[in-house]
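The values are calculated or read from the model by the stated rules, or taken from the named source; none is laboratory data. Everything numeric in this text was worked out from a predicted model, so none of it was measured. Cβ placement follows ideal geometry from the backbone for every residue including glycine, while neighbour counts extend to all protein chains displayed.
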Amino acid sequence: MTALSTREFCFDVLIFFISTFTLLGESKKPDPRLTFHVEAQPLHQQALTHDWHRFNGPHDNAVSGESHLQLDWAGAPPSLLWEVTKGDGYASPAISKGIVVMFHRLQGQEVIEGRDAETGNSIWQHAYPVEYRDRYGYLDGPRASPVIVGDFVYAHGVTAWLTCLELKSGRVHWKRNLGKEFQIPQNFFGKGSNPLPFGETLILNIGGSKQRSVVGLDLKTGDTNWVTEDEWGASYSSPCKAIIHDREVCLVFAGGESRPSTGGLLVIDPKNGKKLSRFAWRSKSFESVNAVPPIPLGKNRVYLSECYEKGSAIIQFDEALKPSVSWQDPNLNIHWMTPVVYQSYLFGISGRHQRGAQVFCLDFNAGVVKWREPITWSQVLNKRELSLQLFRGSLLKVGVTDNKFVGLSELGSLISVELTPKGWHIISTAQLFFSPSTWTLPALSKGLLYVMQNEKDRVSGTDARLLCYDLRKK
């Protein structure tokens, strides 16, 4: 498919103008989903900032180079600027050119919407019907996060609808029903792998029929540029870029639902989809999936982790791209979070269940786990002291010259913490809400932190929301 048919184009134009005039006609009416609290502080004159184009940030590694952030909340928690209710899903927001893009399921539709990044005001919205029910009882909305490339937004839905929209207007540029075209099965939890832009190509691990494992689509037209064939299906891990022996490659940690259970790392030439190498790494358990992104470690090495059996491994590639295991530890079993590389250390959260999850520090050059333990603290709620942990949360490295991190627990606790090879030290904590399934890495752009509350708050009763907090330092 290269473009919309004339009929589809006219229909989309009609819908766009109807939506635009509706929006203009209702511009003076309050947004029933939006609650605005306070204005953001001005950015520090010397603050380094960036946009947040994809679920793991500007460099696709859960590391932010933003500076002049307020991480000590002893006096008061971060200011909540605005909040907007959302529907089902686990997608994180993307931010660029002053627009924050949300992707969620609301009233039987997958909704992609652009809002003002500082005020939360609605700018545009696009929605389409979706039929999906999670057979394990998890949320029925999208898992993959929107991706912004230049002036366009790409959203990969839970049933493999792929939509390209104009960032400023929300107008449909092209769309494809990949699920139907490639005969993609639902798998355990629907589609969840985030697309990866590379040059003029958008790379997706789709796991379609006829062993169509990975595809590269033209960013501008949606045309299929290439297909990588392999029996390993689609996982919930997301492709990433790496340099191996001075060659730019795409790493795809494939392996979803299959009998017998198979999967592992595919090394692909992102220019043409040619399969360069293959390394099996997947639990034999049927219910297991690969969900952690592969992590490039430099010196032609890649870190992999799965949760149910094999745990973690460091894979070394020789000049012919032949892989071998240089280190492994079955006890470091990351479920889904993206571990963070800082200097020669890897920081991650290991554990299959909420209870028993532990933060760890791995010296990946020496192959030594420096420490592994839960990060804990006490919180007073309604005159009761609670013992809280990071559990199976997420970690975001902030700053480029120190060891500070922001952590978000799966129950809605926000912490700022120092992580070193010697251990951890909490700087501050703030309980944003008490809600399970807070598994989405926060997004940070221009000193504002965007947090997804995916389920109802079990204490206050507030519905699922996107919340925007001010971390700008005066």
Out of all the residues in region 45-54, is one or more within 20 Å of SER413 (Cα to Cα) and of a type in the set (Val, Ile, Thr)?
no
Cβ-Cβ distance below 9 Å, separation of 6 or more or different chains: which pairs start in region 380-399 with a residue that is on the phi > 0 side of the Ramachandran plot and end on one that is polar (S, T, N, Q) and modelled with pLDDT of 95 or more?
PHE391/SER409; PHE391/SER413; GLY399/SER64; GLY399/SER67
Scan region 365-377 and report the pairs whose first residue is in contact (Cβ under 8 Å) with a residue 24 or more places away in the chain and over 21 Å from LYS299 (Cα atoms) and whose second residue is of a type in the set (A, V, I, L, M, F, W, C) and surrounded by fewer than 16 Cβ atoms within 10 Å (Cβ to Cβ), with Cβ atoms within less than 8 Å and a gap of 6+ or a chain change.
ILE375/ILE426; TRP377/ILE426
Expected single match for more than 17 Å from the chain's Cα centre (by Cα) and surrounded by 18 or more Cβ atoms within 10 Å (Cβ to Cβ) among HIS126, HIS104 is HIS126
Out of SER237, SER213, SER258, which single residue is within 20 Å of PRO185 (Cα to Cα), in contact with an Asp or Glu (Cβ under 6 Å, 6 or more places away or on another chain) and surrounded by 16 or more Cβ atoms within 10 Å (Cβ to Cβ)?
SER213
Residue list for region 142-157, filter: in contact with a Pro (Cβ under 8 Å, 6 or more places away or on another chain) and among the aromatic types (Phe, Trp, Tyr)
TYR154
From the options ASP230, ASP218, ASP223, residue that is touching a strand residue (DSSP E or B) at 6+ places or on another chain (Cβ under 9 Å), without any contact (Cβ under 8 Å) to a residue 24 or more places away in the chain and not polar (S, T, N, Q):
ASP218
Reported set for region 269-295 where residues are closer than 20 Å to LEU202 by Cβ and assigned to a strand (DSSP E or B) is LYS275, LEU276
Pairs returned, first residue in region 446-469 that is under 11 Å from GLY412 (Cβ atoms) and at pLDDT 95 or above, second residue that is in a strand (DSSP E or B) and of a type in the set (Ser, Thr, Tyr), beta-carbon separation under 6 angstrom, 6 or more apart or interchain, are ARG465/THR85
Among the strands (runs of 3 or more DSSP E) contained in region 152-268, which hold 2 or more residues that are closer than 28 Å to ASN61 by Cβ and out of contact with any helix residue (DSSP H, G or I) (no Cβ under 8 Å at 6 or more places or on another chain)?
152-156, 161-166, 196-198, 201-205, 212-218, 224-229, 240-244, 247-254, 264-268
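Yes/no matrix, rows are residues, columns are (1) of a type in the set (Asp, Glu); (2) over 30 Å from GLN343 (Cα atoms):
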| position | (1), (2) |
| --- | --- |
| HIS59 | no, no |
| ILE99 | no, yes |
| GLU118 | yes, yes |
| GLU166 | yes, yes |
Across region 157-183, which residue is surrounded by the fewest Cβ atoms within 10 Å (Cβ to Cβ) among those that are touching a Lys or Arg at 6+ places or on another chain (Cβ under 9 Å) and under 17 Å from GLY114 (Cβ atoms)?
LYS168
Among the residues in region 356-366, are any at pLDDT below 95 and either outside any strand (DSSP E or B) or basic (Lys, Arg) (or both)?
yes
Wholly inside region 35-143, strands (runs of 3 or more DSSP E) that include 1 or more residues that are in contact with a strand residue (DSSP E or B) (Cβ under 8 Å, 6 or more places away or on another chain) and closer than 26 Å to ALA430 by Cβ are 79-85, 94-96, 99-106, 109-116
Condition (residue is buried (at least 21 other Cβ atoms within 10 Å of the Cβ), of a type in the set (Asp, Glu) and under 24 Å from the mean Cα position of the chain (by Cα)) applied to region 416-428: is it met by at least one residue?
no
Select from region 393-429 the residues that are more than 13 Å from LEU444 (Cβ to Cβ) and charged (D, E, K, R) and write down the one among them that is modelled with the lowest pLDDT.
ASP402
Could you tell me how many of the residues in region 320-339 are of a type in the set (A, V, I, L, M), touching a residue at least 24 places away in the same chain (Cβ under 8 Å) and over 26 Å from GLU287 (Cα atoms)?
1
Residues located in region 70-111, provided they are of a type in the set (A, V, I, L, M, F, W, C) and under 17 Å from PRO32 (Cα atoms):
LEU81, TRP82, VAL84, MET102, LEU106, VAL111
If you go through region 403-439, how many residues are under 18 Å from GLY57 (Cα atoms) and out of contact with any Leu (no Cβ under 8 Å at 6 or more places or on another chain)?
1
Restricting attention to region 109-121, which residues are closer than 17 Å to ALA155 by Cβ and surrounded by fewer than 21 Cβ atoms within 10 Å (Cβ to Cβ)?
GLN109
Quick check on my filter: what residues within region 321-374 are surrounded by 16 or more Cβ atoms within 10 Å (Cβ to Cβ) and among the β-branched types (Val, Ile, Thr)?
ILE334, THR338, VAL340, VAL341, ILE349, VAL359, VAL369
